[in-house]
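Working notes for the structure below.
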Amino acid sequence: MSLSSETRALKIASYGTAYETLIDGLKAFPTEMWDFRDECGCWSIREHLVHIADSEVNSYVRCRRFIAEPGEPLMAYDENGWADALGYENRDPAEAIELFRLLRQQTHTLIKSLPESAWANTCYHPENGDMTLDDWLMVYEAHIPEHLQYMRENYDAWRAAS
């Protein structure tokens, strides 16, 4: 997908405010329920936060690959496998949030100054096929709002179970 420069600018701005969006969204969820899992076994808020940090690590590398090594493959990873193997349920959410903040800030600073030509760079993703840097932006600009919605669903299940 190729975005217009106006749409891209809006997406970049939104991408850059994701940390604030996350922090504001988390205020709706009492910390005493951050380890709650609903009957479906969906991730707890703690697990979502750790996933967000690990996803941002992958995003950080992928973005740079699009810019510095176009045409090269991107790494796919098993999100649920990482959550299980890396013990997301025991990781510190504050550390995960801080890691997310730093990585997102660094990448936001980088992408704000890219030339127009960089946005058409492609890389191959094993699950999604050929992607452009615009595609990458679309995915990661939406990532925090998507996870906040999952957290809201978990919160609603916690309230219903209480």
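The values are calculated or read from the model by the stated rules, or taken from the named source; none is laboratory data. Predicted, not measured: the structure shown is a model, and the values here were computed from it. When we count neighbours, we look across all protein chains shown, and the Cβ atoms used for this are built from the backbone with ideal geometry, even at glycine. The protein model used for the area step is the full one, side chains on, heavy atoms only, and it has no ligands, DNA or RNA in it. Shrake-Rupley method; radii C 1.70, N 1.55, O 1.52, S 1.80 Å.
For this structure, a couple of remarks:
- When Ile23 is tested against the conditions (1) under 18 Å from Arg101 (Cβ atoms); (2) not in a helix (DSSP H, G or I), the lone failure is (2).
- Members of segment 99-115 found to be of a type outside the set (Val, Ile, Thr) and under 15 Å from Phe66 (Cα atoms), listed by number: His108, Leu110, Lys112, Ser113, Leu114, Pro115
- Residue in segment 57-80 that is in a helix (DSSP H, G or I), over 22 Å from Met151 (Cα atoms), in contact with a strand residue (DSSP E or B) (Cβ under 6 Å, 6 or more places away or on another chain) and among the basic types (Lys, Arg) present: yes
- For segment 35-56, a tally of residues being open to solvent by less than 60 Å² (accessible area, probe 1.4 Å) and of a type in the set (Lys, Arg) returns 1.
- Test: residue in segment 74-81 that is without any contact (Cβ under 8 Å) to a residue 60 or more places away in the chain, over 29 Å from Leu26 (Cβ atoms) and among the aromatic types (Phe, Trp, Tyr): no
- Complete set of residues in segment 7-42 that are at pLDDT 95 or above and among the acidic types (Asp, Glu): Glu20, Asp24, Glu32, Asp35
- Residue within segment 61-69 that is among the hydrophobic types (A, V, I, L, M, F, W, C), in contact with a Cys (Cβ under 6 Å, 6 or more places away or on another chain) and open to solvent by less than 20 Å² (accessible area, probe 1.4 Å) present: yes
- Total residues in segment 79-110 satisfying the condition of being among the hydroxyl-bearing types (Ser, Thr, Tyr) and open to solvent by 30 Å² or more (accessible area, probe 1.4 Å): the figure is 1.
- Residues in segment 127-144 that are more than 15 Å from Leu10 (Cα to Cα), modelled with pLDDT of 95 or more and open to solvent by 30 Å² or more (accessible area, probe 1.4 Å): Asp130 alone.
- Residue within segment 108-121 that is in a helix (DSSP H, G or I) and closer than 30 Å to Cys42 by Cβ present: yes
Conditions (1) polar (S, T, N, Q); (2) farther than 24 Å from Ile97 by Cα; (3) more than 20 Å from the chain's Cα centre (by Cα); (4) open to solvent by less than 50 Å² (accessible area, probe 1.4 Å), marked per residue:
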| position | (1), (2), (3), (4) |
| --- | --- |
| Ser2 | yes, yes, yes, no |
| Ala9 | no, yes, no, no |
| Ser14 | yes, no, no, yes |
| Met33 | no, no, yes, yes |
